[in-house]
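What follows is a single structure, written as structure tokens, with notes after it.
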Amino acid sequence: MTDPLAVERCIVELQRGREVVLTDPAGNRAITLVESLTQDMLAAIQQAGPCQLILSANRAEVLGHTARSRAAVLSLPAKAPLHTVRQLAGLETLRRSVPEQDQWHLAADSSLAALRLARQAHTLPALLSYALPVGPGSILSTSVDDALLHEPDTSKLMALSRTRIPLAGADSVELAVFRERHGSAEHVAMTVGRPDRSQAVTVRLHSSCFTGDILGSLRCDCGEQLSSAIHSMASAGGGIILYLSQEGRGIGLASKLRAYQLQDEGLDTLEANEHLGFGEDDRQYQAATTMLKALDVQRIRLMTNNPLKIEALQREGIDVVDRLPSHTPVNMHNARYLETKRTRAGHLLHGDSLVESLV
């Protein structure tokens with residue numbers, strides 16, 4: 001019998017910057033995240049014995065290695081300094097040659113399990129693996145099998161609270177907050193006006209974007225899309241915006257800002273995510289489906305430029321009867337970002353070249 005609670009506790013422990021133990025008949029392994037690693041912690045690990053760096057296949061490819069599975073394992077020199085580990089993980093600019101091929105090893109199940117925990121923690125997919133824990137206090141553990149089998153059910157939500165609040169451009173808006181049962185992520189359903197649920201309801205799935213929604217960043221189209229959706233729904237009599245807690249296509253705010261730095265160095269938005277070891281898009285939409293059903297909405301007109309959102313909702317049993325385009329003004333800061341979404345991610349944006357449209 002699996003123990004999902006032990007897995008979830010280990011995920012939280014990793015988020016706190018602590019180490020956990022993966023138990024396995026083939027041998028236990030302690031793991032800790034590179035992004036929270038300190039020089040003192042690294043020195044203690046190295047003093048206890050050899051350690052390995054677990055990376056995703058995407059990050060390994062950046063370092064010149066083609067992994068045979070979703071994870072890749074790299075042996076570290078006995079006294080590798082912290083800045084070298086951070087460079088290999090993608091946290092700092094690589095200022096040394098890429099590792100030799102004989103430094104790479106096939107990923108064991110424990111390495112795959114470690115990477116799976118990091119992804120579910122929404123942290124950088126890079127961890128140290130070593131034989132014995134070195135940190136103070138009690139060390140939480142879970143089995144390799146449980147970690148590999150654990151799949152957070154984001155469709156199970158707790159409805160927490162509802163209230164009405166007037167917004168700029170929409171006097172009547174009801175906010176309903178839902179929390180995932182397996183973690184701390186909270187999602188918000190914004191019901192604008194009085195949508196007619198006997199007809200297909202206009203809906204937008206909007207992933208949280210601190211820089212765009214709150215700060216008004218010009219590097220993306222998120223803030224303008226959110227504001228436009230609120231205004232258009234209010235003018236049309238009603239609609240629902242699902243504000244989903246999955247920053248940066250699901251990689252988290254810290255890694256999203258790291259990706260911004262890589263974009264400044266010349267990578268596009270998808271290349272930057274892959275450079276850090278993530279996929280092109282790590283978002284999931286089961287929570288959105290649960291929220292719609294809780295709001296008694298089964299048929300929708302989806303306001304989106306992203307066909308993957310339509311496919312995701314249809315797979316979960318939502319009848320998407322129409323797509324409404326989401327229009328975004330192009331500026332010198334977001335033109336390349338929008339062009340990448342059109343040409344590489346398949347977003348349904350108008351124009352042969354959004355970059356050339358500024359010329």
| message | Just to be sure I understand the model, the point goes 7 Å from the Cα along the line to the Cβ. What's the resulting ARG95 to THR2 distance in nm? | response | 4.3
| query | Under a point-charge model restricted to the Cβ atoms of Lys and Arg (+1) and Asp and Glu (-1), what is the dipole moment magnitude of the chain relative to its Cα centre, in debye to the nearest 20? | reply | 400
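So if we plug the beta-carbon distance of LEU149 and LEU106 into 1/(1 + (r/R0)^6) with R0 = 35 Å, what FRET efficiency do we get, rounded to 0.05?
Details: r = 21 Å, r/R0 = 0.60.
So, using R0 = 35 Å, E works out to roughly 0.95.
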| remark: Here the averaged projected area of the chain, based on the convex hull of its alpha-carbon atoms and given in nm², is 19.9
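Report the rotationally averaged projected area of the stretch 1-101 based on its alpha-carbon convex hull, in square nanometres.
Numbers: hull surface 30.2 nm².
Over all viewing directions, the stretch 1-101 projects a mean Cα-hull area of 7.5 nm².
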| field | Extension gain from GLN314 to GLN39, taking 0.36 nm per residue of separation minus the Cα-Cα distance | value | 94.2 nm
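Go ahead and run the numbers for FRET between ALA26 and HIS83, Cβ-Cβ distance against an R0 of 30 Å, rounding to 0.05.
Working: r = 32 Å, r/R0 = 1.07.
Efficiency for this residue pair is about 0.40.
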| query | Over the stretch 4-149, what is the relative contact order in whole percent, taking alpha-carbon pairs under 8 Å and six or more residues apart? | reply | 40
| request: Work out the length of the dipole vector of the stretch 153-262 about its Cα centre, built from +1 on the beta-carbon of each Lys and Arg and -1 on the beta-carbon of each Asp and Glu, and round it to the nearest 20 debye. | output: 220
| How big is the shadow of the Cα convex hull of the stretch 157-358, averaged over all directions, in nm²? | 11.3
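With a 10 Å Cβ neighbour count serving as the proxy for reagent exposure, in which order, fewest first, do LEU215, LEU242, LEU295 appear? Can you show the working numbers first?
On the way: LEU215 10, LEU242 23, LEU295 19.
Ranked by crowding around the Cβ, least crowded first: LEU215, LEU295, LEU242.
Using the Cα centre of the stretch 4-149 as the reference point, and only Cβ charges (+1 on K/R, -1 on D/E), how large is the resulting charge dipole? Debye, rounded to the nearest 20. Working shown, then result.
Working: 13 positive and 13 negative charges, 59 e Å.
About 280 debye.
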| query | Net charge near SER217, counting Lys/Arg +1 and Asp/Glu -1 over other residues with Cβ under 12 Å of its Cβ? | reply | -1
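Considering only DSSP beta bridges with both partners in the chain, what is the antiparallel share in %, to the nearest 5?
Details: 40 of 56 bridges.
Just about 70 percent of them are antiparallel.
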| query | Quick one: if the Förster radius is 35 Å, what FRET efficiency do ARG9 and LEU215 give, using the C-beta to C-beta distance and rounding to 0.05? | reply | 0.55
| remark: The long-range amide H neighbours of SER207, using H built 1.01 Å from N in the peptide plane and a cut-off of under 5 Å, are LEU244
| query | Karplus couplings for the stretch 53-69 from phi (6.51 cos²θ - 1.76 cosθ + 1.60, θ = phi - 60°), rounded to Hz, Gly and Pro as x? | reply | 9, 9, 10, 6, 4, 5, 5, 4, 5, 4, 8, x, 10, 9, 7, 8, 8
| said: Please list, in order, the residues from the stretch 263-289 whose amide nitrogen is less than 19 Å from a point placed 7 Å along the Cα→Cβ vector of THR343. | reply: 263-275, 280-281
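What order do you get for THR289, THR32, THR38 when you list them from fewest to most C-beta neighbours inside 10 Å?
Numbers: THR289 20, THR32 26, THR38 11.
Starting with the residue having the fewest Cβ neighbours, the order is THR38, THR289, THR32.
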| Interatomic Cα distance distribution for the stretch 43-130, bins of 10 angstrom, percent | 18, 54, 28, 0
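Just so you know, all these numbers are worked out from the coordinates, no wet-lab data involved. Predicted model only: the values in this text are computed from it and were never measured. For neighbour counting, all protein chains shown are included, and Cβ atoms are generated from backbone atoms with ideal geometry for every residue, glycine included.
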